[in-house]
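Asks: My questions all concern the structure below.
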Amino acid sequence: METIEKINQLQKKLQKLKNQGKTIGFVPTMGYLHPGHLSLMELAREENDIVVISIFVNPTQFGPSEDYKKYPRDMGRDSKLAKEAGVNYIFHPPNEEIYGKDHRTYVNVEGLDSIMCGKFRPGHFRGVCTVVLKLFNIVSPTRAYFGKKDYQQLVIIKKMAKDLNLDIDIIGGNIVREKDNLALSSRNKYLSTEERKNATVLYESLKLAENLIKEGKTAGRVEKEAITYLNSNKYVKKVDYFDIREKDNLKKVRGIPSREVLAAAAIWVGNTRLIDNIIVKR
Ligand code: AMP
């Protein structure tokens, strides 16, 4: 495994491999790797000849009051885990390699970027799409892997790939959870012991929604009951949203869900923002 910081160096190496007809699986990450990231690398390992990951904490996807500076970073540990997962190349660029001094070009997936998390994190998906498209152009992968944990992100990247005619297969990997069902996240490390215990309320609210949907309740009623459940936990500082949406285009579901739908939520446990979702069959 090699760690590369320069775009042209990575491109030289990958071009050689592509000329030999090798397929490339790419997993973009912000590092501080956990088994959720590793499961995407394993998928990429199974389906491609070469696995490339990026570790880049992307400044343009953080709001001014968000945790860009304190986002956890540990390259030593990440390198070891990536190597064990069979990664061939880690692309780990410094900021200035990705964003030149006069960077002015951004990618918006209109509409999808202003609902759910986008409503509470203005500019977030613009930053995500911009960096992901740049990374796609740098790596030119055959396939790229994203976790369903960030479900809205996955839908948005798929839409960007379709709208901009990218010749890359976008593949979603299942959510990896702790034993008590909390979805793994680099941000879980911010939680205090008590907050961590109570963070399971998020998954519980999704399962509650699933039960209510199976009972035939309307989407609006389900959302209300799930929000009430979340707010009854004193460690939940705020519920940003709890939404029942179409799983492919993220349109709001009205009335009683008749197909498979997405239940997705974002909450604050203390000062930590957590997201999670499940797909619910009626
Ligand atoms: P991040 O480093 O948080 O930007 O995440 C990098 C990739 O890993 C994204 O595609 C995430 O959706 C995915 N990911 C993060 N947490 C999980 C998880 N618990 N299960 C599956 N994929 C995940």
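Laboratory data are not the source of any read-out in this text; all were calculated from the coordinates shown. Bear in mind that the values here come from a model prediction, so they are computed numbers and not experimental data. Heads up, the Cβs are rebuilt from the backbone with ideal geometry, glycines too, and the neighbour counts pull from every protein chain shown.
Asks: Which condition from (1) within 9 Å of the ligand (Cβ to nearest atom); (2) closer than 27 Å to Ser114 by Cβ is the one that Leu184 breaks?
Replies: (2)
Asks: Kindly indicate which of Leu135, Leu202, Leu212, Leu154 is away from the ligand (no atom under 16 Å from the Cβ) and aliphatic (A, V, I, L, M).
Replies: Leu212
Asks: Has the range 96-103 got any residue that is near the ligand (Cβ under 10 Å from one of its atoms), hydrophobic (A, V, I, L, M, F, W, C) and not in a strand (DSSP E or B)?
Replies: No: zero hits.
Asks: Which residues, taken from the range 163-198, are surrounded by 15 or more Cβ atoms within 10 Å (Cβ to Cβ), among the small types (Gly, Ala, Ser) and more than 27 Å from Pro257 (Cα to Cα)?
Replies: Ser185, Ser186
Asks: Still on this model: Out of everything in the range 214-246 that is assigned to a loop (DSSP other than H, G, I, E, B) and in contact (Cβ under 8 Å) with a residue 40 or more places away in the chain, what residue ends up being nearest to Arg282 (Cα to Cα)?
Replies: Of the residues in the range 214-246, the ones assigned to a loop (DSSP other than H, G, I, E, B) are 215-218, 232-235.
From what's left, in contact (Cβ under 8 Å) with a residue 40 or more places away in the chain: 216, 235.
Values: Gly216: 8, Tyr235: 31 Å.
Filtering first and then ranking leaves Gly216.
Asks: Working carefully through the options Gly127, Gly147, find the one that is closer than 22 Å to Val52 by Cα, surrounded by fewer than 21 Cβ atoms within 10 Å (Cβ to Cβ) and within 14 Å of the ligand (Cβ to nearest atom). Break it down into steps so the answer makes sense when it comes.
Replies: Working: Gly147 fails: surrounded by fewer than 21 Cβ atoms within 10 Å (Cβ to Cβ).
Gly127 is the lone residue from the list that is closer than 22 Å to Val52 by Cα, surrounded by fewer than 21 Cβ atoms within 10 Å (Cβ to Cβ) and within 14 Å of the ligand (Cβ to nearest atom).
Residue-wise test of (1) away from the ligand (no atom under 12 Å from the Cβ); (2) outside any helix (DSSP H, G or I); (3) touching an Asp or Glu at 6+ places or on another chain (Cβ under 7 Å).
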site: Phe26; (1), (2), (3): no, yes, no
site: Tyr32; (1), (2), (3): no, yes, yes
site: Arg45; (1), (2), (3): yes, no, no
site: Pro64; (1), (2), (3): yes, yes, no
site: Ser79; (1), (2), (3): yes, no, no
site: Pro93; (1), (2), (3): yes, yes, yes
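Asks: Could you tell me which of the residues Arg126, Arg121, Arg196, Arg187 is among the basic types (Lys, Arg), in contact (Cβ under 8 Å) with a residue 12 or more places away in the chain and in contact with a strand residue (DSSP E or B) (Cβ under 7 Å, 6 or more places away or on another chain)?
Replies: When all the criteria are applied, what remains is Arg187.
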